[in-house]
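Enquirer: Mind looking over this structure? Questions follow.
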Amino acid sequence: MCGIVGAITERDVTQILIEGLRRLEYRGYDSAGIAVLDKDNSIQRIRTLGKVQELATEQDKHQIHGTLGIAHTRWATHGAPSTKNAHPHICRDRVSLVHNGIIENFESLRVLQAERGYEFTSETDTEVIVHQVTYYIEQGNDLLSAVKLAIEDLEGAYAMGVICADEPGRMVAARSGSPLVVGVGIGEYFIASDVAALLPVTQRFIILEEGDVVDITSKSLKIYNAAGEEVERKEHLSELSANAVERGQYRHYMLKEIYEQPRAVSDALEGRISDSHVLEKSFGPNANEIFSGVDRVQIIACGTSYHAGLIGRYWLEAIAGVPCNVEVASEFRYRKPVVRKNSLIVTLSQSGETADTLAGLHEAKRLGFGKSLTICNVPESSLVRESDLVMMTRAGPEIGVASTKAFTTQLVCLMLLVLALGRHNKLDAGTEARIIAELKSLPCKIESALQLDDAIKLLAEDFADKHHALFLGRGAQYPVAMEGALKLKEISYIHAEAYPAGELKHGPLALVDEDMPIISVAPNNELLEKLKSNLEEVRARGGRLYVFADESANMEARAGLKIIAVAPTDDSIAPMIYTIPLQLLSYHVAVLRGTDVDQPRNLAKSVTVE
């Protein structure tokens, strides 16, 4: 979950590297560092604890410069956040390296290297890589050969960039299990964990594939695949602009991304629906053939994407008549699932590089579940490349760690999948046309929900001093409640849990008192009256209720019950609408509590390690 950047140019690279780290800070912000090869071919390094701004301040003081360099922003795995554990790591003033991933056999390598006389200055698993590369260089190999030999000794995941004082015009990079791209300039090359890091300097990118090793000079680029063969990789032109990842007028990225949802949803729908039905080819040219043979769906996802998958299950079974199982990727990959042939494996991920989700896809394929579809936000990602069918969410860059627009656009894409699969099952044309009409109204209805911002900002004051909260929902709104609880705990650090409202009397009711706020979502559907009864159980026991309710639900505020009226919404799109006020609530509570909204402690945006 760390972010790496590297550059080899004819100009000074320090500011390029630091700006790249700023754009990767969503991937890790425990510490940061930079190493460059100076005019005397000596490795100069600066490392700091904390965010990239601390590194920039130190660079202003010490002014290291060079035309070849690597940089890193860290999310700690092995070893606590500290300067000594920050990357880049250096061995014997000769080799410097940055790394994203986890080396699983680092302990055995560490013992071997200690016997060889290598000194360890950190607690990280990464340090064994730089020692191993140095060892092979000291055996007479050049940098490229040394890296190739070293990675044969590694078990685990890595994306790395390596420079050597002996070869001042060269950088070698490699990837296995962690993402890495090469940026192509005019007489210069760059590497990064993410395209966004390099947008100020290029829009031309090569996406490295699993097992690739790349040998880079300012004049040339050679790529070798996992078998050691020199290969060509296609160059892509990114449609993103440098300012696509700027905050603009907004105080935080999260707030900006909440307000971008009407446009994101509109983009997710564009070109994928007609007046009355879903265009199946938007999933891929052979989608119709694949969908016609699907007997069931297996959804694999993590975190917010898992919640989207849970909502998708309600829709798939109720609307399309297709059996569906949803599983947390980190559990699916290690249990022994019963193989259900003719299943459609659906993976959900904002980044497309989530390690557990990727591993879950690989395991499902190995077991023979069936064809695969990914719903993803990053076109160049591993999940996109490894799936049979693809539906891009088109949410645009999402920088805030707490996912917002990625979630709503995943839901839109899932509904399109429900309609496409339903056409091969029990869904009639009239129902499909009605839901298509509701999807078309969704951007305007999200705009309406955003108008609740001022009222929610005032409501947030009731939560500023709380330590616990309970979220309730029924049916497809239960995963919405789960997502609301996740958002609150992620960015405000308030312990929050979600329950199906009907489960209150089976345990959670014991927690209810005047210090435990209970938040509920109440669309006007067939479960409304049952939900009202559940809420009365809470109010009768002194609980303080905050209910986001459909205007037509006839719920009135009274002692212990605050109502936030939501414009009437069809049940088919209600989950996309009701998640908006919960996002705003978590945001405003976090601001009042003074937490780091965009980069909450201990979390990173893209979870590329297990």
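The values are calculated or read from the model by the stated rules, or taken from the named source; none is laboratory data. Keep in mind that what you see is a predicted model, and the values were worked out from it rather than measured. Note that each Cβ is placed from the backbone with ideal geometry, even for glycine, and that neighbours are counted across all protein chains shown. We work out accessible area using only protein heavy atoms, side chains counted, and drop any ligands, DNA or RNA first. Shrake-Rupley method; radii C 1.70, N 1.55, O 1.52, S 1.80 Å.
Enquirer: For the chain, what is the mean residue ellipticity at 222 nm derived from helices alone (per DSSP H run of n ≥ 4: -39500 (n - 2.57); sum divided by total residues; nearest 500 deg cm²/dmol)?
Expert: Per the formula, -10500 deg cm²/dmol.
Enquirer: Sort D388, D30 from largest to smallest accessible area, using a 1.4 Å probe on the heavy atoms of the protein chains. List each step's numbers first, then the result.
Expert: Numbers: D388 75, D30 35 Å².
Greatest to least solvent exposure: D388, D30.
Enquirer: Determine the gain in length on full extension of the stretch L221-K336; use 0.36 nm per residue of separation and subtract their C-alpha separation, reporting nm with one decimal.
Expert: 37.1 nm
Enquirer: Please compute one quarter of the surface area of the Cα convex hull for segment 95-192 and express it in square nanometres.
Expert: Numbers: hull surface 25.0 nm².
About 6.3 nm², averaged over all directions.
Enquirer: With every protein chain present, what is the per residue accessible area of the chain (1.4 Å probe, Å²)? Don't jump to the answer; show the numbers that get you there.
Expert: Details: 22980 Å² over 610 residues.
Spelled out: the 1.4 Å probe surface of the chain, per residue, equals 38 Å².
Enquirer: Around Y578, under 10 Å between beta carbons, what's the net of Lys plus Arg minus Asp minus Glu among the other residues?
Expert: -2
Enquirer: Ranked from highest to lowest mean number of other Cβ atoms within 10 Å per residue, what is the order of the peptides 53-60, 334-341? Before the final figure, lay out each step's value.
Expert: Values: 53-60: 16.5, 334-341: 11.0.
Going from most to least packed, we get 53-60, 334-341.
Enquirer: Here is a follow-up. Taking all protein chains as present, what is the carbon and sulfur share of the accessible area of segment 172-262, in % to the nearest whole number, probe 1.4 Å?
Expert: Numbers: 1740 of 3900 Å².
Here it works out to 45 percent.
Enquirer: Can you give me the relative contact order of the chain as a percent, contacts being Cα pairs under 8 Å and 6 or more apart? Before the final figure, lay out each step's value.
Expert: Working: 1391 pairs, mean separation 72.9, N = 610.
About 12 percent, as a whole number.
Enquirer: Report, in degrees rounded to the nearest 10, the 0 to 90 angle that the Cα long axis of helix 355-367 makes with the longest principal axis of the chain.
Expert: On a 0 to 90 degree scale, this one is about 80.
Enquirer: For labels at Q139 and T431 in the simple 7 Å Cα→Cβ model, what's the distance in nm?
Expert: 6.4 nm
Enquirer: Sticking with this structure for a sec: Using a Förster radius of 60 Å, what is the FRET efficiency between S276 and E10 based on their Cβ-Cβ separation? Nearest 0.05, please. Please list the in-between numbers first.
Expert: Numbers: r = 57 Å, r/R0 = 0.95.
Efficiency, rounded to the nearest 0.05: 0.55.
Enquirer: Quick check: with the 1.4 Å probe, what order do K148, K426 take by accessible area, largest first? Show your work: numbers first, answer last.
Expert: Working: K148 55, K426 125 Å².
From most exposed to least exposed: K426, K148.
Enquirer: Grab the Cα-Cα distance for L237 and A557, subtract it from 0.36 nm times how many residues apart they are, and report the gain in nm with one decimal.
Expert: Numbers: separation 320, 0.36 × 320 = 115.20 nm, distance 5.40 nm.
Stretched fully, the L237-A557 segment lengthens by 109.8 nm.
Enquirer: Could you tell me what percent of the DSSP beta bridges with both partners in the chain are antiparallel, to the nearest 5? Intermediate values should be presented prior to the final figure.
Expert: Values: 63 of 104 bridges.
Counting DSSP beta bridges with both partners in the chain, the antiparallel share is about 60 percent.
Enquirer: Here's something else I'd like to know. Can you give the relative contact order of segment 188-299 as a percent, counting alpha carbon pairs under 8 Å and 6+ residues apart? Walk me through the numbers on the way to the answer.
Expert: Details: 83 pairs, mean separation 19.8, N = 112.
It comes to 18 percent, rounded to a whole number.
Enquirer: Shifting gears a bit: If you take every residue apart from A395 with its C-beta less than 10 Å away from the C-beta of A395, what net charge results, scoring Lys and Arg +1 and Asp and Glu -1?
Expert: Net of charged neighbours comes to -1.
Enquirer: For segment 51-127, calculate the relative contact order in percent as a whole number, restricting contacts to Cα pairs under 8 Å that are 6 or more residues apart. Intermediate results must be reported in sequence, preceding the final value.
Expert: Working: 57 pairs, mean separation 23.4, N = 77.
Relative contact order, segment 51-127: 30 percent.
Enquirer: Between N286 and S82, what length comes free when the chain is fully extended (0.36 nm per residue of separation minus the Cα-Cα distance, one decimal in nm)? Each step should come with its number before you reach the end.
Expert: Numbers: separation 204, 0.36 × 204 = 73.44 nm, distance 5.06 nm.
Here the answer is 68.4 nm.
Enquirer: Next question, about the same structure. Assuming 1.002 mPa s and 20 °C, estimate D for segment 142-219 with Stokes-Einstein, Rh taken as the Kirkwood radius over Cα pairs, in µm²/s. If you can, show how the numbers build up before the last one.
Expert: On the way: Rh = 13.0 Å.
My calculation gives 165 µm²/s for D.
Enquirer: Now for a separate question. For Y250, what is the net charge nearby, where nearby means another residue's Cβ is under 9 Å from its Cβ and Lys, Arg count +1, Asp, Glu -1?
Expert: On the way: positive: R247, R251, K256; negative: E257.
Net charge in that neighbourhood comes out at +2.
Enquirer: Semi-axes, largest first, in whole Å: what does sqrt of 5 times each Cα gyration tensor eigenvalue give for the chain? All intermediate terms of the calculation are to be shown ahead of the outcome.
Expert: Working: eigenvalues 402, 151, 92 Å².
Whole-Å semi-axes of the equivalent ellipsoid: 45, 27, 21.
Enquirer: A follow-up question, please. Let me know the shape class of segment 1-155, please: from the alpha-carbon gyration tensor, a ≥ b ≥ c as square roots of the eigenvalues, rounded when a/c is under 1.5, otherwise prolate if a/b is greater than b/c, or oblate.
Expert: Values: a/c = 1.90, a/b = 1.32, b/c = 1.45.
Note, shape of segment 1-155 comes out oblate.
Enquirer: About the Cα centre of segment 1-63, what is the dipole size in debye to 20, counting +1 per Lys and Arg Cβ and -1 per Asp and Glu Cβ, all else neutral?
Expert: Values: 9 positive and 10 negative charges, 32 e Å.
My answer is approximately 160 debye.
Enquirer: I need the P(r) histogram for segment 281-420: all alpha carbon pairs, bin width 10 Å from 0 out to the longest distance, whole percents.
Expert: Result returned by the calculation: 13, 49, 34, 4.
Enquirer: At 1.4 Å probe size, with no ligands or nucleic acids counted, give the accessible surface of R204 in Å², nearest ten.
Expert: Its heavy atoms expose roughly 80 Å² to the probe.
Enquirer: Here's a follow-up. Within the accessible area of segment 393-451, what % is carbon and sulfur when the probe is 1.4 Å and the other protein chains stay in place? If you can, show how the numbers build up before the last one.
Expert: Values: 900 of 1700 Å².
That share works out to 53 percent.
Enquirer: Could you pull out the GluC sites (Glu not before Pro) across segment 243-310 that fall in loop regions by DSSP (anything but H, G, I, E, B) with no more than 12 other Cβ atoms inside 10 Å? Mind showing how you got there, number by number?
Expert: On the way: sites: E246, E257, E260, E270, E280, E289; in loops: E246, E260, E270.
Answer in residue order: E270.
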